[in-house]
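*Asks:* Sending over a structure as structure tokens; questions will come in a sec.
The values are calculated or read from the model by the stated rules, or taken from the named source; none is laboratory data. Predicted model only: the values in this text are computed from it and were never measured. Here the Cβ positions follow ideal geometry from the backbone for every residue, glycine too, while neighbour counts run over all protein chains shown. SASA here: full protein model, heavy atoms, side chains in, ligands and nucleic acids out. Shrake-Rupley method; radii C 1.70, N 1.55, O 1.52, S 1.80 Å.
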Amino acid sequence: QLGIIPLNSIAEHIAKHLQQLIRLTAIILASFNFKSFLMMRKGILYAAACYSAWGLFPIYFKALQSIPSIEILLHRMIWALVFLLFVLSARRQWAWLHELLRQPKLLAGFTASALLLSANWFLYIWAINNDRIVDASLGYFMTPLVSVFLGFLLLKERMRAVQWFAIACAGVGVA
């Protein structure tokens, strides 16, 4: 037979947990940094805007399907260069270019990075224009896993158990 719990016992139990919740809230509020919260909120908004734009790219590139992928990429590169030149001119930040030209190893690294990024964007645009959007999305989901693996393999980075668990979860998501 189920016993009937007295109403005052339930009220005491709720009051006890409510007091613990109030103490915990007071501790959190005492250590709360409002400026940090606003910066984090701003970062979350920026991230949401970026992910929204990224999610709309397939619609944009699909509208340009009649244009060859390489031409779309070249336009993107040229207009990005124009924007960069405008920003560098507005901020008067040209000095670093002279330093860059004196460091062939750094220039080679920038060149390799630019080529890899261009190949990445070309494949992304090509995938969208050839009805391979899901494949491209899966590729972008797998990219961080490959980066982590390369960091582990080439840079000898060590990960904690929680990080291995996160990687395993993402890996299961890909499989």
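*Asks:* Each label point is 7 Å from the Cα along the Cα-to-Cβ direction; what then is the distance between the points at PHE110 and ALA26, in nm?
*Replies:* 5.7
*Asks:* Could you give the accessible area per residue of the range 91-151, probe 1.4 Å, as a whole number in Å²?
*Replies:* Value for the range 91-151: 76 Å² per residue.
*Asks:* Taking the Cα centre of the chain as origin, sum charge times position over the Cβ atoms of Lys and Arg (+1) and Asp and Glu (-1), and report the length of that vector in debye to the nearest 20.
*Replies:* The dipole of the chain has a size of about 620 debye.
*Asks:* May I pose another question? How do the peptides 59-67, 80-88, 117-125 rank, highest first, by the average count of neighbouring beta carbon atoms within 10 Å per residue?
*Replies:* Top to bottom by mean Cβ count within 10 Å: 117-125, 59-67, 80-88.
*Asks:* Could you sort 17-23, 69-75 so that the peptide with the highest average Cβ count within 10 Å comes first and the rest follow in order?
*Replies:* Top of the packing list down: 69-75, 17-23.
*Asks:* Taking the simple approach of a point 7 Å from Cα along Cα-to-Cβ for both ALA47 and ILE59, what is their distance in nm?
*Replies:* Simple spin-label model gives 2.3 nm for this pair.
*Asks:* Let me ask another. Computed from these coordinates, which is Kirkwood radius over Cα pairs in Å: (1) 23.0; (2) 19.4; (3) 22.3?
*Replies:* Read-out from the structure maps to (3).
*Asks:* Something else: At a 1.4 Å probe, what is the % contribution of carbon and sulfur to the accessible area of the chain?
*Replies:* Reported share for carbon and sulfur atoms: 73 percent.
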